[in-house]
Structures are given as C-alpha cells and as structure tokens.
Amino acid sequence: MEEVGFAVLMLLVLAWAVVSHLLERFNVPTALVFLACGYVLANPGWGVLAVDVEVPRMHLLVETTLALLLFSDAAQVNVARLRQDLAFPARLLGIGLPLSIVLGAVGAAVLLDDLTWALAGFVGAALAPTDAALSAPVINDRRVPQRIRRVINVESGLNDGIATPVVAFTLTVAAAGLGIGGHDASPEARAVAELALGVLVGAVVGVLGVGLITECSRRGWIAGGGGRVATMAAALASFSCAIALDGNGFIAAFVAGIAFAAWRPGTHAERAGDPEGEDLVELPELVGRLLALAVWFLFGAAMLPLALDHLSAPTVLYAVLSLTVFRMVPVALALLGSATDRSTVLFVGWFGPRGLASVVFALLAVEELGTASAVAVEACAVVTLTVLLSVVLHGVSAAPLGRWYARRQRLTRGG
C-alpha cells in the first residue's frame with residue numbers, strides 16, 4: 001500500500017478504536033466497517049486509493065496476519081480446562097469440521113459446475129473455519145452458558161488451523177491443474193511434504209520457544225516486556241523458518257501455538273501472570289488483530305468488487321447454503337448421541353461465522369492462481385460473497401439470538 005493509503009488506513013484504525021465500544025453497542029461488526037471503507041475508498045472503479053493485492057508486500061501482510069492469528073488462537077487454548085470438557089469441541093472439530101469441508105466441496109462441485117474438484121475442495125475448506133472475532137458478541141455474552149461460550153471459542157480458535165492443510169493441498173493441486181507454478185510432476189506429494197515439514201518445524205520452534213521463555217523467566221533473565229517479545233518472535237520464527245525450508249508456514253505457526261499452550265507450566269491463572277504480570281500471547285494477538293483490520297480493508301478493496309462482478313444465482317445460493325445447511329447439518333450430526341438439546345444444536349450450528357481465515361484463504365488463492373482463470377475467480381468470488389453475508393447476518397443476529405438462547409435455557413432448567 002502506498003504512503004497515502006497507509007496513512008488513511010491508520011486514521012481509520014484510530015477512528016474505529018475510539019468508538020469501538022459504541023459500535024459494539026449497536027451491533028456493528030468491526031469487519032463490516034473496514035471492508036466497507038476498503039470498498040468505498042479503494043474500489044478499482046472509482047476509489048481514490050490504489051491497492052494492488054498481487055504485490056509482494058501485500059502477500060507478506062496477508063500471510064503474516066494469518067500466521068500470527070493461528071499461533072495466538074492455538075496458544076491461548078486452556079489445555080487443562082479443555083481436557084475436562086473435551087467431548088463437545090472434539091465432536092465439532094473431529095466430526096463436524098470434516099463433514100463441513102466435504103459437504104461444502106460437494107455443494108460447490110454441484111452448484112458451480114465449472115469448478116475442478118480441487119477448486120471445489122478449496123471452496124469447501126476455505127469456508128469451513130469459523131471466526132473467533134466475529135463470534136465475540138456471543139462469547140462475551142454472559143447470558144449464554146459459559147460452557148457453550150467456551151466451546152464456540154475453542155472451535156473457532158482451532159478449526160482454521162485444522163482446515164489450513166486442506167486449503168494448502170487443494171490450492172497446490174488446483175494450480176498444477178491450471179498450469180500455474182511450473183510443471184511439478186506430483187503436486188500432491190509436494191503438498192504433503194510441505195505440510196509434514198511445517199508440523200516438524202512448528203513443534204520444534206514451539207517447544208524450544210516456550211522452554212527458553214520458561215527457564216529464562218525462572219532465572220530472572222527476562223526484562224519487563226521481554227516475554228511477550230520472545231513469544232512474538234517464536235510465532236514469526238515458526239512461520240518464517242518453515243517457509244525458508246520450503247515447508248508450510250501456516251501449519252508451522254499453528255503447531256507452534258499448540259506446543260506453546262501444551263508445554264507451558266503452571267495453571268491457566270498462573271500463566272496469565274508470567275513473567276512479571278505479562279500475558280505472553282498478548283503481543284502476537286494484538287499485532288495480529290491490528291493487521292487483521294488492514295486485511296479486511298484489502299478484502300473490501302480487492303475481493304468484494306470481484307465477488308459483485310461475478311454475482312449469480314448459483315453463487316448466492318451456495319453462500320446461503322454454506323451458512324446454513326453446510327454448517328448446521330454437520331454440527332447436528334456431530335452432536336448426535338451427546339444429549340445436547342435442540343436449541344443448543346441450533347445455536348452452535350448458526351454461530352459459525354466465516355471471517356478472517358476465509359478472507360486470507362481467498363486472498364492467497366488470488367496470489368496462487370491469479371485472476372486470469374475464470375474458474376479460479378469464481379471460486380474466490382463465492383468465498384468472498386459467503387464471508388460478506390456472514391459478517392452482516394451473524395453481526396445482526398448475535399445479540400437477539402443470544403437473548404433467545406439464554407431464555408430457552410432458563411425455561412429448560414426451570415422445566
């Protein structure tokens with residue numbers, strides 16, 4: 001982004017930050033604000049700002065944002081508490097998420113009949129993860145039972161990392177099928193190798209990073225703020241080392257975050273204060289959230305016009321089905337036999353908003369596949385349209401459905 005564009009974006013961030021609580025009170029999602037600003041100010045047709053998402057620095061911004069969020073989401077999982085109530089999120093992640101990917105891919109292949117199987121798989125995988133930030137109105141609503149809020153938080157924190165290998169694999173195969181990126185004789189084998197190397201690098205960097213931070217903190221070697229800087233460095237190191245070794249940096253960042261959460265000593269309450277009152281994951285989370293605002297702006301500038309240019313009945317139908325059938329049916333099947341009441345199944349099934357991970361996957365698809373292929377553009381367009389609908393519909397429905405669900409739960413307990 002040029003200097004003027006960067007200045008405008010920072011002024012927008014400042015303006016948003018000082019009225020962010022007011023926007024929350026009126027159920028205005030942050031994502032909607034920035035994508036609307038991007039669409040108005042940097043639209044290729046009339047915008048006053050020029051934004052080119054295909055330049056290297058834009059790629060770096062998008063990729064770094066996803067890496068930081070994958071790491072911070074995974075690193076903040078309360079492993080001890082998760083073990084106490086593992087069945088619910090395990091069903092959603094182990095059964096519901098794969099079913100959502102498969103159902104979404106089959107739906108894309110049927111409704112968008114020009115797509116190859118690899119691109120249909122990309123669409124299904126890119127739209128399977130849910131977004132923790134867009135789920136925040138529900139997660140922070142104390143009227144909703146804590147167990148349900150925790151389940152939604154854990155699911156949205158981990159499912160983007162679980163879906164990332166499928167997205168990477170399908171994009172590699174799709175690029176090879178379109179003749180993009182050389183003539184790799186075995187794109188599937190290359191994708192698997194990249195994923196395996198990403199897992200290895202992430203595990204090594206995550207365990208080594210948390211071990212160094214813990215030991216040096218115990219010895220009093222870390223100055224104030226140093227723990228957060230070290231955690232930030234571990235997150236970026238896992239991503240960059242995997243890329244340098246031709247591995248998958250996103251998988252590395254996600255695995256490093258899981259290792260960080262699993263190997264940190266002490267209880268969750270103790271962790272929030274080490275060292276010297278620091279929340280170690282605070283810095284990568286805050287930087288990731290700041291970069292996410294820029295990504296939403298880019299989404300509105302580059303991807304939203306693309307989606308509107310390719311608006312059609314099949315893409316609209318797919319977007320609606322993705323937010324309803326392709327999400328809610330897998331959730332219902334995953335919770336069969338769990339004694340979960342119907343209102344909870346409906347509530348959890350609906351609150352699977354598609355957000356930043358899907359946006360980044362679409363931007364990466366543009367980077368990987370370009371805009372010359374009509375089928376690649378159609379795949380990115382349907383992902384974009386689904387995210388746009390999700391931002392609006394989930395943002396508007398969060399507060400009223402939270403009240404409805406809390407009332408249903410009170411009536412159920414009273415009965």
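Read the figures in this text as sums done on the coordinates, not as results from a lab. Source: prediction; values computed, not measured. Every residue, glycine as well, gets a Cβ built from its backbone with ideal geometry; the counts of neighbours run over all protein chains shown.
Before moving on, here are some points about what is shown:
- Relative contact order (%) - the chain, alpha-carbon pairs under 8 angstrom, separation at least six: 28 percent
- The stretch 354-403 shape via C-alpha gyration tensor axes, a/c threshold 1.5: prolate
- The stretch 1-145 shape via C-alpha gyration tensor axes, a/c threshold 1.5: oblate
- Estimated distance in nm for a label pair at residue 208 and residue 316, the labels positioned 7 Å out from Cα along Cα-to-Cβ: 5.4 nm
- Phi-based couplings in Hz for the stretch 315-327 (Karplus 6.51, -1.76, 1.60; Gly and Pro marked x): 5, 5, 4, 5, 4, 5, 5, 4, 7, 10, 4, 5, 9
- Spin-label model, residue 11 to residue 324: label points 7 Å out along the Cα-to-beta-carbon direction sit 4.2 nm apart.
- Residue range of the chain that is longest and free of chymotrypsin sites (Phe, Trp or Tyr not before Pro) which are both DSSP loop and sparsely packed (at most 15 other C-beta within 10 Å): 222-415
- Simple label model, 7 Å out from Cα along Cβ direction - residue 57 to residue 85, nm: 4.5 nm
- Cα point-scatterer Debye curve for the chain, base-10 log of I(q)/I(0) at q = 0.07, 0.08, 0.11, 0.12 Å⁻¹: -0.32, -0.42, -0.82, -0.99
- Cut-off of 10 Å, at most 10 other beta carbons, DSSP loop: longest stretch of the chain lacking such trypsin sites (Lys or Arg not before Pro): 220-415
- Alpha carbon convex hull of the stretch 73-226, volume per residue in cubic angstrom: 168 Å³
- The GNM of the chain, with springs linking C-alpha atoms under 10 angstrom apart, assigns the highest mean-square fluctuation among 74, 126, 36 to 36.
- Fluctuation leader among 64, 371, 340 - the chain, Gaussian network, Cα springs under 10 angstrom: 340
- Largest mean-square fluctuation among 364, 22, 293, in a Gaussian network model of the chain whose springs join Cα atoms under 10 Å apart, belongs to 22.
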